[in-house]
Amino acid sequence: MIDTHAHIAMDGFEGGTAGVLVRAAAAGIHHVICVGAGADLAEAEGAVAVAQRFSGTSAICGIHPHEAQHVDAALWAAIEQLCAAPEVVAVGETGLDFHYNSSPPADQERVFREHIRLARRLGKPLCIHTRNAEQDTLRIFHEENAREVGGVIHCFSGTRDFALQAVGLGFYVSIPGIVTFKKPGELIETVQAVPLDRLLIETDSPFLAPMPHRGKRNEPMFVAETLKKVAEIRGISLEDASAATTANAQRLFGARLLVRLGETAARATSALPAL
Ligand SMILES: [Zn+2]
Ligand SMILES: [Zn+2]
């Protein structure tokens with residue numbers, strides 16, 4: 001299985017990023033995508049550094065909608081350059097978050113459009129974060145012809161209808177640990193309705209640990225709980241759920257995701273300081 005969205009370059013993981021990856025490999029995780037999308041370049045650079053240092057990892061780089069107000073020409077030029085690196089398999093996370101409105105909506109929309117245009121130029125998929133903004137997200141997808149770009153709606157927590165509309169535009173839907181919670185919103189219906197060849201799984205570490213780890217710091221090894229729940233909802237075996245979601249991630253993000261975590265991560269721990 002593959003954790004398609006984890007902020008493992010952040011501080012605070014036991015044993016650092018190397019520790020996280022050794023535990024993930026031991027839990028049977030095949031590959032981890034490290035997301036860097038902070039208010040400045042540091043997180044995006046951190047994600048690329050992880051993907052360069054540890055085999056079995058890749059990066060997603062951009063500026064989170066929360067931080068959209070900080071994007072000026074210089075920061076954006078640097079993000080464009082980073083996103084062109086071969087370790088970067090998608091552009092984002094970007095989109096609209098009208099739940100928190102940490103940045104003004106107009107800034108979020110402007111920066112969202114820039115990410116879509118960049119992803120198109122680079123020929124890489126988008127990683128979309130959207131909350132309380134489904135209609136506006138779809139409007140911008142249409143206006144920017146995002147169908148030609150494609151990508152994933154990460155940490156999906158919206159309506160089943162929105163999931164199906166996104167799938168209709170060529171997007172994948174990534175299921176977070178929320179699906180294991182007592183109140184998963186419409187996630188059960190969404191997992192049932194989205195075609196199996198469009199489902200991905202993720203942790204969004206260090207946030208939103210799935211049951212029975214809820215409240216702990218989340219990390220990629222816990223994606224196994226989310227996969228288990230997806231298999232149960234779909235009425236398929238764990239092996240089939242794992243094979244399908246892994247193949248989906250490899251199809252969307254490319255051949256880099258064929259490279260496994262494992263021995264190399266274990267060797268990296270002894271050879272290199274934790275990031
Ligand atoms: Zn997000
Ligand atoms: Zn995230």
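The values are calculated or read from the model by the stated rules, or taken from the named source; none is laboratory data. Nothing here was measured: the structure is a model prediction, and the numbers come from that model. Backbone-built Cβ (ideal geometry, glycine too); neighbour counts: all protein chains shown.
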I'm trying to understand the selection: among the residues of region 153-189, which are over 20 Å from I140 (Cα atoms) and away from ligand 1 (no atom under 16 Å from the Cβ)? T180, F181, K182, K183, P184, E186, I188, E189
Out of L126, L82, I need the residue that is under 30 Å from R23 (Cβ atoms), touching a strand residue (DSSP E or B) at 6+ places or on another chain (Cβ under 6 Å), surrounded by fewer than 24 Cβ atoms within 10 Å (Cβ to Cβ) and not aromatic (F, W, Y). Which one? L82
Return only the number of the condition from (1) in contact (Cβ under 8 Å) with a residue 12 or more places away in the chain; (2) more than 18 Å from the chain's Cα centre (by Cα) that A85 does not satisfy. (2)
Would you confirm whether or not region 20-32 contains a residue that is within 16 Å of ligand 2 (Cβ to nearest atom), without any contact (Cβ under 8 Å) to a residue 60 or more places away in the chain, touching a strand residue (DSSP E or B) at 6+ places or on another chain (Cβ under 6 Å) and not in a helix (DSSP H, G or I)? no
Looking only at region 209-221, decide whether some residue is crowded, with 21+ Cβ neighbours inside 10 Å and either within 16 Å of L138 (Cβ to Cβ) or more than 16 Å from ligand 2 (Cβ to nearest atom) (or both). yes
Can you tell me which condition V32 does not meet? The list is (1) modelled with pLDDT of 95 or more; (2) more than 11 Å from E87 (Cβ to Cβ); (3) over 15 Å from the mean Cα position of the chain (by Cα), and all the others hold. (3)
Among the residues in region 162-172, are any away from ligand 2 (no atom under 16 Å from the Cβ) and either at pLDDT below 95 or touching a Ser or Thr at 6+ places or on another chain (Cβ under 6 Å) (or both)? yes
If D197 satisfies all but one of (1) of a type in the set (D, E); (2) more than 17 Å from M1 (Cα to Cα); (3) away from ligand 1 (no atom under 16 Å from the Cβ), what's the number of the condition it fails? (2)
Might you check whether a residue that is of a type in the set (S, T, Y) and touching a strand residue (DSSP E or B) at 6+ places or on another chain (Cβ under 8 Å) occurs anywhere in region 177-189? no
Scanning region 167-184 residue by residue, those over 26 Å from P206 (Cα atoms) and either out of contact with any helix residue (DSSP H, G or I) (no Cβ under 6 Å at 6 or more places or on another chain) or aromatic (F, W, Y) (or both) turn out to be G168
Return yes when E93 is away from ligand 1 (no atom under 16 Å from the Cβ) and either charged (D, E, K, R) or at pLDDT below 95 (or both) and no when it is not. no
Candidate set: region 1-19, residues that are farther than 18 Å from A241 by Cα, touching a residue at least 60 places away in the same chain (Cβ under 8 Å) and within 16 Å of ligand 2 (Cβ to nearest atom); chosen: the one surrounded by the most Cβ atoms within 10 Å (Cβ to Cβ): A6
Restrict the check to region 51-58 and report whether at least one residue is away from ligand 2 (no atom under 15 Å from the Cβ), touching a Cys at 6+ places or on another chain (Cβ under 7 Å) and more than 12 Å from V91 (Cβ to Cβ). yes
Can you confirm whether region 227-243 contains a residue that is modelled with pLDDT under 95, over 10 Å from I201 (Cα atoms) and buried (at least 16 other Cβ atoms within 10 Å of the Cβ)? no
